[in-house]
Amino acid sequence: MKKRLSRLGLAFVGAAALGAPIATNAQEVKTGGTAIIHMISEQRTLNPALRASTGVYNISGKIVEPLIDKSYDGYEPVLATDWSSSEDGLAITVNLREGVKWHDGEDFTCEDVSFTAMNMWKELLNYSSALQSNLESVDCPDPHTAVFNYSKPMPLELFVAAMPDLGHPMPKHLYEGTDILKNELNTAPIGTGPFKFVEYERGQYVMAVKNEDYWREGYPYLDRIVWRFIKDKSAAAAALEAGEVHESGFIGVSMADVERLSEDDRFDVGTKGYENNVAHSTVEFNHRNPILADLKVRQAIYHGLDIDYAIDTIMRGFAKPGRGPVPSAGGANYTDDVKTYDYDPELAKEMLDEAGYPVKDDGFRFKLRHRPAPWGEYTQLWAEYFAQAMKEIDIDVEILTNDAPGFLNGVYRDHDFDTANGWHQFRSDPAVSTMVWLRSGQPNGTPWTNQFGWQSDEMDQMIDDAASELDPDKRAEMYHEIQKKAMEELPVIFAIEHPFISVTSKKLKNHHNTPRWNSSSWYDLWLDE
Amino acid sequence: MKLALPPILIYSLRRLAQAIPVIILIMVGTFLLLKLAPGDTVDALVGDMGGADAQFIERLRVEYGLDQPVWVQLWRYMEKLATFDLGWSFVYEQPVATVLMDRLGTTLLLMATSLSIAFTVGVALGAIAARRAYSLTDNVISTLGLIFYATPSFFLSLMMMLLFSVKLGWLPVGGIKTIAGFYTGWDHVWDVALHLIMPTAALSLIYLSFYLRLMRSSVLQVADLDFVRTARAKGAGETRLMFHHIMRNALLPVVTLFGLQFSTVLGGSVVVETIFTLPGLGQLAYQSVIQRDMNTLMGIIFLCSIIVVVVNFLTDLLYARLDSRIELA
């Protein structure tokens, strides 16, 4: 426990020091050089307007810019300069930056925004197509003003919160009249960002070079960025140590190496820069199983889990206990005033007895078939811990190991599981992320949605109301209520809230200085070499 | 009419005719087998993306042709394959043929080098060990062989990496070249060679142990046979005895193994390629399974089945050359 707190504490002290402008003044900025970044998996596309995924942003975020980004001081204008909403919430006006050019020399205008919004964000982009389903049109009263017209009120707060991830305009003049999904630029993007795409060697690397005509005068500092694909986590750790790679994000090395390298003074290791990419490690129930449909059983299971122990051993202290569908990084929408479940195996056993599941002759109360998501080492470890903890309260857990397609089908389409675990990212606003976990009526087979057979009319109503509430204070209030209800009824256990972890060479300066750093443009990143 | 053809050509033609149904069977079987795996490439993609909505998933399935029944998909694939069109990879968004060709060079270079080193050194060491059976030399060689034989390749690779890259800093950790090094000409060749030292060493040490052990036991066995005694009685010197009488016969099982291993060349070495991030076919095959990239995987298997058929044929020819008692029929 102590260890965990000190780790997180350190991470945040580090955050303050790095985020402050004093840090840059202390040392003369050096320009030039090549930053080499570790990527654990190959990307099928590099077009962030077609695929919302941190793997895509980690590369294309340097090449293609969003309208709005997020900094530690709040939302930061990038290609947009300011934004406002009409009284009724049906029109959102965004003023665009003037004098910005695409990498091929054409001007960036409202036409690009309008084209991308209607053809990609609304039609083709995952998560965004649900968010923008009520978008009717985007008008261009002048080349640098875009008006988004909605058929139902769209909270400005939600629109802005979605923009850093789901608001990348693409060049209309290169996409119009082509088959958007097959356009070659999807793997060789042209954007407005500080770096220009050079080449993508499959299985090896992606390279981008400095954009000499970048609209932020005097930036970027680096000459070049190279993303190297290294699948093997041990090899990635060796590459970091040999100085061949400068940064590995999203827990790209094994947890044992994270811990080892965190004691090595050549590296900064921490969770800073992931405040916007927080995820929950979960325990998911199949409520079609009558045993698990019993609230008492689910609560007993929660009491049987020693979350602090799991945080210390599995997450090496880089995490904290979950408090429902909104993580503490969720700002005003988060509350910790919710029902909690302390580790108490004796109480858990009592509750299971009361629920009518006494220990049988074989020594167990009942058996659960558990599917762990194959999302990396700590997800598997969390599954193993779950099985072990359940044994303590006399529940037999059989772990069914599978790869990604097997897991997604087993849980979300065939519902062939009793319990499952995975991790799920929070994307700035509950309306575009964790609410799909609780809202019923999602089509069968849609991954990361409520496919658990849990349905509550009251919860559905609360979720829909909150999504279209325009007043931010009232909206926050509504999410607090949803959180409380979720913690009482436990459709899913949001057991551990964890940011991701980066290992970064100290040669990189100005790193992890925004809450979604790996996805941001790195215009101010420099290399001390 | 056909009698005019030399027997070796008739033999070759017959083998070719036999090969076609074999390859078709392999392809159909593999296709159906892969369809048995739960989930398809869209599921894998959605897994990578961290989620998507239902319409998005449905639209992708239609685009990839995955909404069709399995036999329609199979027919469409086999139809294209008949014209040697390997199809399109939805993971790499490139034609499968291009994806394969990009990787083939690396794998061939890596495997040809390691196998030749392993074969030559393994056969030599095996023969020496057998000639000095149960001496100190034999014990040292056999023990080394056993160690390499028993060491998992990932462990050997990682330990080499730790020593030569992390601790000593002599060799690059992985990859096929220094990215952003922009070397040309001989500098480029030197750069690639440096990158290949560790993976080649790791692979050849493991293969080497196979040849060494097989050659040693094979030589020991042949050395006891009657014709060796006869040759010795007729006054053949030890060197002549070794090279002309013993080794030529002892090589037969070793050549069989070589043929077998050469067939798997295109499969590359998943482990070694993955650890050293070499963009080869082994890594590609592994990734294709994970990503359910059917077309790419089928392309690799097609290439491999052709190689297996060809190598088996060549091995049979080599047998006949080594041992004249074997006839091609």
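The values are calculated or read from the model by the stated rules, or taken from the named source; none is laboratory data. All values reported here derive from a predicted model rather than from experimental measurement. When we count neighbours, we look across all protein chains shown, and the Cβ atoms used for this are built from the backbone with ideal geometry, even at glycine. Ligands, DNA and RNA are stripped out before the accessible areas are found, and what is left, the full protein with its side chains, is counted by its heavy atoms. Shrake-Rupley method; radii C 1.70, N 1.55, O 1.52, S 1.80 Å.
Taking a point 7 Å out from the Cα of A:Lys182 in the direction of its Cβ, the residues of region B:70-94 whose backbone N falls within less than 13 Å of it are B:88-89, B:94. Per residue, the protein assembly as shown exposes an accessible area of 41 Å² to a 1.4 Å probe, with every protein chain left in place. Using only Cα atoms, what Kirkwood radius does region B:27-85 have, in angstroms? Answer for region B:27-85: a Kirkwood hydrodynamic radius of 12.7 Å.
Here the label points at B:Gln18 and B:Met101, each 7 Å from Cα along the C-beta direction, are separated by 3.3 nm in the simple model. Over all orientations, region A:393-529 has a Cα convex hull whose mean projected area works out to 12.6 square nanometres. For the set A:Glu284, A:Glu244, A:Glu28, solvent exposure ranked by accessible area (probe 1.4 Å, protein chains only) runs largest to smallest as A:Glu28, A:Glu244, A:Glu284. Projecting label points 7 angstrom from Cα along Cα→Cβ for A:Lys152 and B:Thr239 puts them 9.2 nm apart.
When the residues B:Asp224, A:Asp471 are ordered by accessible surface, computed with a 1.4 Å probe over the protein chains alone, the sequence from largest down reads B:Asp224, A:Asp471.
Of the heavy-atom accessible surface of region A:67-137 (probe 1.4 angstrom), what whole percent is carbon and sulfur? List each step's numbers first, then the result.
On the way: 1190 of 2900 Å².
Here carbon and sulfur together make up 41 percent of the probe-accessible area.
Note on region A:307-338 and region A:404-425: Cα centroid distance 22 Å, given to the nearest whole angstrom.
Hey, with R₀ at 60 Å, roughly what FRET efficiency would A:Lys30 and A:Gln388 work out to, going by the Cβ-Cβ distance, to 0.05?
Details: r = 50 Å, r/R0 = 0.84.
My answer for the efficiency is 0.75.
Comparing the full protein assembly with the isolated chain, the residues of region A:212-261 losing at least 40 square angstrom of accessible surface (1.4 Å probe) are A:Arg228, A:Lys231, A:Asp232, A:Ala235, A:Ala238, A:Glu244.
Multiplying the residue separation of A:Glu259 and A:Tyr343 by 0.36 nm and subtracting their alpha-carbon distance yields 27.7 nm. Values of log10 I(q)/I(0) for region A:295-367 across q = 0.11, 0.12, 0.17, 0.27 Å⁻¹ run -0.38, -0.45, -0.77, -1.17, by the Debye formula with one identical scatterer at each alpha carbon and no solvent. Give the percent of DSSP beta bridges with both residues in the protein assembly as shown that are antiparallel, rounded to the nearest 5. Antiparallel bridges make up about 75 percent of those DSSP assigns within the protein assembly as shown.
Mind checking how much accessible area B and A bury in total, 1.4 Å probe, in Å² rounded to 100? Working shown, then result.
Details: alone 18600 and 20850 Å², together 35570 Å².
Summing both sides, the interface buries roughly 3900 Å².
What is the distance in Å between the Cα centres of region A:492-526 and region A:50-70? Centre-to-centre distance over Cα atoms comes out at 14 Å.
Sorting B:Val140, A:Val253 by solvent-accessible area of protein heavy atoms yields B:Val140, A:Val253, largest first, with a 1.4 Å probe.
Translational diffusion of region A:71-140 was estimated from the Stokes-Einstein equation, with Rh taken as the Kirkwood radius over Cα pairs; at 4 °C and 1.567 mPa s the coefficient is 95 µm²/s.
Apply 1/(1 + (r/R0)^6) to the Cβ-Cβ distance of A:Asp73 and A:Leu470, taking R0 = 25 Å, and write down the FRET efficiency to the nearest 0.05. Working shown, then result.
Working: r = 24 Å, r/R0 = 0.95.
It comes out at approximately 0.55.
Residue-normalised convex hull volume from the C-alpha trace of the protein assembly as shown: 218 Å³ per residue.
Roughly to the nearest percent, how much of the accessible area of region A:313-427 is carbon and sulfur, given a 1.4 Å probe? Whole-percent figure for carbon plus sulfur exposure: 44.
Were the residues from B:Leu25 through B:Val121 laid out at 0.36 nm apart, the gain over their Cα-Cα distance would be 30.8 nm.
Working note: 222 nm ellipticity from helices only, DSSP H runs with n ≥ 4, each -39,500 (n - 2.57), summed and divided by the residues of the protein assembly as shown, gives -14000 deg cm²/dmol to the nearest 500.
Partners of A:Lys349 within straight-line reach, counting lysines whose Cα lies under 18 Å from its Cα and excluding those fewer than 8 residues away in the same chain: A:Lys296, A:Lys360, A:Lys367, A:Lys391. Over region A:282-440, one equal point on each Cα, no solvent: what is log10 I(q)/I(0) by the Debye formula at q = 0.08, 0.17, 0.18, 0.21 Å⁻¹? Result of the Debye calculation: -0.24, -1.15, -1.28, -1.61. What the Cβ-Cβ distance of B:Lys80 and B:Asp323 gives, at R0 = 35 Å and to the nearest 0.05, is a FRET efficiency of 0.25.
If the chain linking B:Ile307 and B:Ala150 were pulled fully straight, counting 0.36 nm for each residue of separation and taking away their Cα-Cα distance, it would gain 53.7 nm. Measuring spread by the Cα atoms of chain B yields a radius of gyration and Dmax of 24.4, 85 Å. Over the C-alpha atoms of region A:381-458, the Rg to Rh ratio, Rh being the Kirkwood estimate, stands at 1.00. If the limit is 26 Å between Cα atoms, which of A:Lys62/A:Lys122; A:Lys62/A:Lys474; A:Lys172/B:Lys177; A:Lys30/A:Lys320; A:Lys30/B:Lys167 go over it? Violating the 26 Å Cα-Cα cut-off are A:Lys62/A:Lys474; A:Lys172/B:Lys177; A:Lys30/A:Lys320; A:Lys30/B:Lys167. Assuming 0.692 mPa s and 37 °C, estimate D for region B:33-131 with Stokes-Einstein, Rh taken as the Kirkwood radius over Cα pairs, in µm²/s. Stokes-Einstein gives a translational diffusion coefficient of 188 µm²/s. Which GluC sites (Glu not before Pro) from region A:187-223 combine a DSSP loop assignment with at most 14 other Cβ atoms within 10 Å? For GluC sites (Glu not before Pro) across region A:187-223 that sit outside H, G, I, E and B with at most 14 neighbouring Cβ atoms in 10 Å, the list reads A:Glu212, A:Glu217.
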